[in-house]
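Single-structure report; data block below.
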Amino acid sequence: MTDATVARKRRLGPTWLILPGIVWMALFMIVPIAMIVYVSFWTQTTFNISPTPTLASWKQFFASDTYIGALWTTIRIWLIVLAATFAIGYPTALFVGLFVKSKTLSTVLLVICVIPFWTSFLIRVLAWRPMLGKEGVINIILLKLNVISHPIEVLLFTELSVIIGMTQIYCVFMVGPIAFMLGRIDRNIIEAARDLGAGFGRIFWKIIFPLSLPGVVVGAIFVSVMVLGEFATSGALSGRKVNLLGNIIVTQVGSLKWAMASVSGVILTVVMGMVIAAFLRIVDLKQEL
Amino acid sequence: MGAGCKNLRSTVTGRMTTGAAIFRIDGVSKSYGGVKALDSVTLEAGVNEYVSLLGPSGSGKTTLLRVIAGFEVPDVGRVVFQGRDITGLPAHERGIGFVFQNFALFPHLTVKKNVAFGMMNGGVAVPAAEIDQRCQAMIDMVGLSGLEDRGVEQISGGQRQRVALARTLVMQPKLVLLDEPLGALDANLRGRMRNELRAIRERMGVTFLHVTGSETEALAMGDRIVVLDRGRIIQAGTPDDVYSAPSSPAVAHFLNRFNLFDGTLTAGKFTGPFGTVASPHAVRAPQDVYAIRYDRVNVLPLTATVSGPALKATYIASEYLGSSVMNFFETSDGKVVEVEHHLSLGAPEIYVARQDYLLTWNPEQAIVFGREAT
Amino acid sequence: MESRVLKPILAVYVVAFLLFLYGPFFVLTILSFQQGPDGGPQFPITEWSLYWYKQIFGLTPPSRIAPLPVGEALIRSLVLAFMTMVTSTVLGVMSAQAFRRKFTGSSVVFYLIVLGMMVPGVLTGLGTSLLANNVLGIERHWYTTAFATHVAYTYPFAFLVMLAILNRFDGSVEEASWSLGVTPWTTFRKVTFPLIFPGVLSAMLFAFTLSLDEFPRSLFAAGGSGDQTLPLAIYGTFAVEIHPNIFAFGVLTTLFSFALLSVYGILMGLSVRRARKLAMQEDIA
């Protein structure tokens, strides 16, 4: 036996171990996504679909106010929720990751943030209904406090309710990564800067924020991927008034309009790819983690 | 260098001590990402021999052991064990024992289960009664009786070392590889385990190949020492051979027993900081170096007259080593010269700090390396 | 200076943040004790009662509000989560094991696997149903197509957990086992697996809970009404009017999750305590 064949025999081990995983992901993730692209060019009739290539569904998508509107709504809601989760999550992460000195306490706080995930996702969405409704908790409290004289009606079944719901459900994905990055900052750097007479604002913008940026990017990727692919929250909290690309896909599949669902799917994939690529441009994750 | 290498290799293979070779590695090379860890190494060991493999970290000594064990496959070269080419054989089919520096005990098993592990899970079925009997005998031999049912995290470092050894020896291998087995122990324990290792090996009649970075350990334990540097074997021989006749400045340096002086060797004369000394028996080496053992240097008052080498040096400090005293002197160009005084030769001289002395020695006892030597 | 002011402000903020996080669930819990069957899913509580909990278990007389169709869906979801857990943990352990040696294309494979947790369920779900429905012409079921997409989603999590565990794993115990004449497979069973078991447990927990709650993938990739998993059954109630029974059900599933977490916690705690006890005894000795 030559040395080369010996080496090859050795290297077969990892190949057999990794092969099932590769096959699974190829068959049930790559091929399905390729299918979406493929079927988006199929010919759709009312109840049927045939593989004759056509651009009809694509033209229909870009000619329709409903579909283009859904695209813009998706992007708008994504941007608002992203900003909201960041704005709401960052101070929490700052406290958990940097201000809490004890490791145990910061772990406990993070666990507390994660506990709500033990409730089913759909139930968590649904729980906002009695909160936001006309006779909901927020209106009751505000009325009791005499802040308002009439119940606010725009709280539920509007874009606002969708944004509130998504922000609550996804902000933890922002808190976690940022807190992790903040926790890794060497406290001595901050002490040294303070000794040199730098105020907190200056320390924050010059040291803390740049060092936490990889966490922000990871959090933003998590939130973006999930919000862009959403349809349940928007469906349940907007009373079908807010239509995201995800809702379009669900509706189209429901009425067996596979080609149109696929077009929406491809557009969603493209948007998502661009968003992730843009985030990865800000920070080179491989270098940071 | 190439010629020197060939020369050394023949020294290695020629120096068989006892009986037939139990294993041989032949021109083994191994690189990691362009860095040569082993550079055509050839080495043999005889039946029932204790071989110490000495080298600084990064010399490739651990890689060599891992190649023999079958944890790494050499890029070129062959490994032969008991007359059979095992280069392509996986580790578990080799029957070669391995003792790790960190012991690598199975943390989830008791002492006894650790020792029995190979017999219970190995390819050859061993009857339960025999497993029990062999385990007990081995545990008794390494002095672990009474600790059989302890977890391996519940025993001390020295006891773990014994478990590692027992676990390996109970499989009755003909060759055991030890990768710095005493490195994780404290100094006191290391000395005791050294004797025990030797005693156990003699009782079992098995070949040990012991890798170490400590020259004391290598000199103390091996029937034969093999010195490794940058992936090559640079000297092999009995401890006495290596100690009294290091084959190169590098070996002399590793042994940590020699004062080394730079200088020039011309026409059989070495010129160094101590003057010019006739050196008719110089050893061929890539640079000119003059080596004199710590315990061969004499200290004289500055006023003394000497005929041989003479080196003016300032006394700095001394260190008591138990059986000897190490005195440190500094020459005018800042080089530290060590002088060892064995207490068996009488009480040590008392030197005055910061005072100059004259260091001298018998030039016959020096080892001279040079480019012009043959 | 500033941090002395800032810290309490932030602490108060974090409390408000947690209220925001937990508020809806508290409200939902309170409302689940609404009087039934006439009490609505809002305040005020007309009368505290366990009516809706009883209704879930079929202990109430029939009324105009139909009980939640969750019985069979729950069983389906549990079986699916179990299948997904086993498959993705096995795949995760195998792949992470493969990644212990460098191999060509390892970074491409890494991203291929990790992509599975990034791609939205809408897309994998849609794609898989297209593949089954329009190209292969096979029927979609919770135990076939939905199962495949579930694993494609949970396997990356199991993989990452195992990768983290195996990165810290000292391979010399395995080499020690080989040098004792034990085959690599037996070594894996007798040495590696027992030592990485806490990690395997975490991977299993991840896969099980993710699958149990997975909704978009099931929506597309599972078939008709005979294929409803629990999230699909809950989603079905969205369309029509909601009643406090869904709140009661939410409380129950959360309790179930906690029970699961507790079992996991106890198992982990036991292995950690065992390790600590050993370490302490070592200190004494």
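The values are calculated or read from the model by the stated rules, or taken from the named source; none is laboratory data. No experiment lies behind these values; they were computed from the predicted model shown. Here the Cβ is made from the backbone with ideal geometry for all residues, glycine too, and neighbour counts use every protein chain on show.
A few points about this structure:
- Every residue from the range C:96-114 that is part of a helix (DSSP H, G or I) and more than 7 Å from chain A (Cβ to nearest Cβ): C:Ala96, C:Ser106, C:Ser107, C:Val108, C:Phe110, C:Tyr111, C:Val114
- Pairs linking a residue in the range C:238-251 that is within 21 Å of C:Leu219 (Cα to Cα) and in contact (Cβ under 8 Å) with a residue 24 or more places away in the chain to a residue that is of a type in the set (S, T, N, Q) and in a helix (DSSP H, G or I), with Cβ atoms under 8 Å and 6 or more positions apart or on different chains, are C:Ile246/C:Thr237.
- Qualifying residue in the range A:251-271 (condition: within 30 Å of A:Lys134 (Cα to Cα) and surrounded by 13 or more Cβ atoms within 10 Å (Cβ to Cβ)): yes
Residue-wise test of (1) surrounded by fewer than 21 Cβ atoms within 10 Å (Cβ to Cβ); (2) closer than 22 Å to B:Val211 by Cβ; (3) in contact (Cβ under 8 Å) with a residue 24 or more places away in the chain; (4) not assigned by TED's automatic domain parsing to the domain that holds B:Asn48.
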site	(1), (2), (3), (4)
B:Ala69	no, yes, yes, no
B:Ile86	yes, yes, no, no
B:Glu93	yes, no, yes, no
B:Val99	no, yes, yes, no
B:Ala104	no, yes, yes, no
B:Thr110	yes, no, yes, no
B:Phe117	no, no, yes, no
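- Residue in the range C:82-95 that is surrounded by the fewest Cβ atoms within 10 Å (Cβ to Cβ), counting only those that are more than 7 Å from every other protein chain (Cβ to nearest Cβ) and of a type in the set (Ser, Thr, Tyr): C:Thr87
- Test: residue in the range C:209-224 that is out of contact with any helix residue (DSSP H, G or I) (no Cβ under 9 Å at 6 or more places or on another chain), more than 8 Å from every other protein chain (Cβ to nearest Cβ) and free of Cβ contacts under 8 Å to residues at least 60 places away in the same chain: yes
- Within the range B:125-178, the set of residues being surrounded by 21 or more Cβ atoms within 10 Å (Cβ to Cβ) and in contact with a Gly (Cβ under 8 Å, 6 or more places away or on another chain) comprises B:Arg162, B:Arg167, B:Thr168, B:Leu169, B:Val170, B:Met171, B:Pro173, B:Leu175, B:Val176, B:Leu177.
- Filter result for B:Gly143 (more than 14 Å from chain C (Cβ to nearest Cβ), more than 26 Å from C:Gly181 (Cβ to Cβ) and touching a helix residue (DSSP H, G or I) at 6+ places or on another chain (Cβ under 9 Å)): no
- Within the range C:236-252, the set of residues being surrounded by fewer than 22 Cβ atoms within 10 Å (Cβ to Cβ) and facing another protein chain (nearest Cβ under 8 Å) comprises C:Phe238, C:Ile242.
- Unique residue being crowded, with 21+ Cβ neighbours inside 10 Å and closer than 20 Å to C:Phe17 by Cα when the list is A:Val114, A:Val96: A:Val96
- Filtered residues of the range C:124-147 (kept if under 20 Å from the mean Cα position of the chain (by Cα) and surrounded by 24 or more Cβ atoms within 10 Å (Cβ to Cβ)): C:Thr124, C:Gly125, C:Thr145, C:Ala146
- Scanning the range B:326-343 for residues that are hydrophobic (A, V, I, L, M, F, W, C) and modelled with pLDDT of 90 or more, we see that the one that is surrounded by the fewest Cβ atoms within 10 Å (Cβ to Cβ) is B:Val336.
- Selection count where residues are closer than 24 Å to B:Leu228 by Cβ, of a type in the set (A, V, I, L, M) and surrounded by 21 or more Cβ atoms within 10 Å (Cβ to Cβ), scope the range B:255-281: 1
- Sole exception among (1) without any contact (Cβ under 8 Å) to a residue 40 or more places away in the chain; (2) surrounded by fewer than 17 Cβ atoms within 10 Å (Cβ to Cβ) for C:Val79, by number: (1)
- The number of residues in the range A:82-115 that are at the interface with chain C (Cβ under 10 Å from one of its Cβ atoms) and touching a Phe, Trp or Tyr at 6+ places or on another chain (Cβ under 6 Å) comes to 2.
- Condition check for C:Asn167 on (1) crowded, with 22+ Cβ neighbours inside 10 Å; (2) without any contact (Cβ under 8 Å) to a residue 12 or more places away in the chain: one failure, at (1).
- B:Gly58 on the phi > 0 side of the Ramachandran plot, more than 14 Å from chain C (Cβ to nearest Cβ) and at pLDDT below 90: yes
- If the condition is being β-branched (Val, Ile, Thr) and over 28 Å from B:Gly58 (Cα atoms), then the range B:254-312 contributes B:Thr264, B:Thr266, B:Thr271, B:Thr276, B:Val277, B:Val297, B:Val299, B:Thr303, B:Thr305, B:Val306.
- Filter result (more than 8 Å from chain A (Cβ to nearest Cβ) and hydroxyl-bearing (Ser, Thr, Tyr)) within the range C:225-235: C:Ser225, C:Thr229
- C:Met117 meets the conditions (1) within 11 Å of another protein chain (Cβ to nearest Cβ); (2) over 22 Å from A:Val218 (Cβ atoms); (3) aliphatic (A, V, I, L, M) in every case but one. The failed one is (2).
- Sole residue being among the acidic types (Asp, Glu) and assigned to a helix (DSSP H, G or I), chosen from C:Glu72, C:Glu139: C:Glu72
- Any hit, the range B:355-365, residues being in a loop (DSSP other than H, G, I, E, B), more than 25 Å from B:Phe254 (Cα to Cα) and of a type in the set (S, T, N, Q): yes
- Checked against the criterion of being at pLDDT 95 or above and either more than 23 Å from C:Leu131 (Cβ to Cβ) or out of contact with any Leu (no Cβ under 8 Å at 6 or more places or on another chain) (or both), the candidates A:Trp42, A:Trp78 yield just one match: A:Trp78.
- Among residues of the range A:39-55 that are exposed (fewer than 10 other Cβ atoms within 10 Å of the Cβ), those with a Cβ under 7 angstrom from a residue that is of a type in the set (A, V, I, L, M) and assigned to a loop (DSSP other than H, G, I, E, B), sequence gap 6+ or separate chain, pair up as A:Phe47/A:Leu256.
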